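The values are calculated or read from the model by the stated rules, or taken from the named source; none is laboratory data. Nothing here was measured: the structure is a model prediction, and the numbers come from that model. With ideal geometry, Cβ positions are generated from the backbone for all residues, glycine too; neighbour counts draw on all protein chains shown. Ligands, DNA and RNA are stripped out before the accessible areas are found, and what is left, the full protein with its side chains, is counted by its heavy atoms. Shrake-Rupley method; radii C 1.70, N 1.55, O 1.52, S 1.80 Å.
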Amino acid sequence: MDTPSSFDRVNRWIRDSVTVKMVVMGILTLLLFIPSLFIRELIRERGETQELAAQEVQQSWGNAQQITGPILIVPFREILRSGDEPVSILTRHAYFLPDSLDVEGTVIPEIRYRGIYEVVVYRTELSYSGHFAGVDFSDWDVDSILWDEASVAVGITDMRGIEDGVTLHWNETPFAFDAGVEPQGVIESGIGTRVPDADKPHSFRFDVSLRGSHSLDFIPVGRETTVSLTSDWSSPSFDGAFLPDQRTVTDDGFTAEWQVLHLNRPYPQQWADSTTGIEDSAFGVTLLVGVDHYQKSMRAAKYALLVIVLTFLAFFLVEVRYGKRAHPFQYILIGMALCLFYTLLLSLSELMAFNAAYAVGGAVTTLTVVAYVKSVFSSQHLSTIAGGVLVILYAFVFLVLQLEDYALLVGSVGLFVVLALTMYLTRNVDWFSSVSEK
């Protein structure tokens, strides 16, 4: 009988040693971490492409809208003096906010497509009404008030979204709004109209039809501001400086109502020339797109290394317990199949619901690995075990993806259970023996 050569002995030691198997598995896991990083980068790039597509649609349709006003603007002249002698006359602008402001609106969402990407846009019909209590110039050194130049201004961030003419009913007298606001500063972009008798109390109302995208925000300029919105969009996000006092969100849409007092915001009811803090008091609603599959795919891809490690661990335990042997190249093929699951998930989720894409991708990957394991180990029993392990792993990751608030707790408990099970299954393993001796 021929004596095994040194090469044969080393090759057999590498093939049968439990310790070497563990080292090789660790190296392969680290190598497979590289393609998982590339997959995460691919998901990020596809998400950025979707955002670019959304921006292109929004540039043509209308951007996020923020409405400020109405604000009554009255210019006045102030004489600058040196002692008792007048030096120059300065024209300033006084801004007066309404005593009450009521806004009722309907948000009508629409889905537009740029290629395979969905973009949510909306039309909104808003009805404004309220009351100005009159003006008071006692806070300033006024020489004369330019009542003929008094105007009412409404700020609209994207003027392209205005669909119809806007008419202000000033004590029921109609005045058509024109584009532009003077002076700019408090309101950079918007509409305005001259109004008579600005020194007297007035009621007002007007309707505005707007196109926009992503979000709709309001500035609470009233001493008491009430905003009521309804929509058939089922996934709103209420954000900004104030959350709704009342809201209802169902599969059929949402209703929300805000009530904001002047005491809740950092600017007064009247000021001259400029003020700060107006933008900080904005509140409203964002229409969340159902196309959050990029975020879910990215979260799923972050568990890729965990799935690979646990799968390799299951195969290692099969080798130890049943005396089966698998070549490192076979580990690599199985690991690549596990990595390709995430590219399948990404591509399928762009065409169907994320949950369905996850189910299809998981089923294809599991069946592929099961068929391969059956051919490698020539055992229906072991291939069934491999399939069961993958089903449990993918179900566990899916559960973690759904439980955002409790993801850490569920993940920690799950990993502890896996560790405890591994310790139990390997409690009688002689780590100094070879796999073939098991």
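A few comments on the model shown:
- Cross-link partners of LYS374 among aspartates and glutamates (Cα-Cα below 15 Å; sequence separation of 8 or more within a chain): GLU319
- Sequence of LYS302, LYS21 when ordered by accessible area, the most exposed leading, probe 1.4 angstrom: LYS302, LYS21
- Local electrostatic count, SER209, Cβ distance below 11 Å [Lys/Arg +1, Asp/Glu -1]: -2
- Per residue accessible area in Å² of the chain, where ligands, DNA and RNA are left out and the probe is 1.4 Å: 51 Å²
- Using just its DSSP H runs of length 4 or more, each adding -39500 (n - 2.57), the chain gives a mean residue ellipticity at 222 nm of -13500 deg cm²/dmol after division by all residues.
- As a fraction of the 1.4 Å probe accessible area of the chain, surface on carbon and sulfur atoms comes out at 57 percent.
- Neighbours of GLY130 by Cβ distance under 11 Å: Lys/Arg scored +1, Asp/Glu scored -1, total -1.
- Sorted peptide list for 204-212, 72-80, criterion being average Cβ within 10 angstrom, highest first: 204-212, 72-80
- Interchain or long-range residues, amide H under 5 Å from ALA150's placed H: VAL195
- Segment 207-227 and segment 119-197 have their alpha-carbon centroids 14 Å apart.
- Check: the chain dipole with +1 on Lys, Arg Cβ and -1 on Asp, Glu Cβ, in debye: 3960 debye
- With the highest mean first, a sort of the peptides 392-399, 309-316 on other beta-carbon atoms found within 10 angstrom per residue produces 309-316, 392-399.
- Counting only protein chain heavy atoms and rolling a 1.4 Å probe, the accessible areas of HIS202, HIS327, HIS214 rank, largest first, as HIS327, HIS214, HIS202.
- Taking all protein chains together and rolling a 1.4 Å probe, LEU90 ends up with roughly 80 Å² accessible.
- Solvent exposure of PHE175, expressed as accessible area, is near 50 Å², computed with a probe of 1.4 Å over the protein chains only.
- Solvent accessible area, Å² - THR368, 1.4 Å probe, full protein context: 80 Å²
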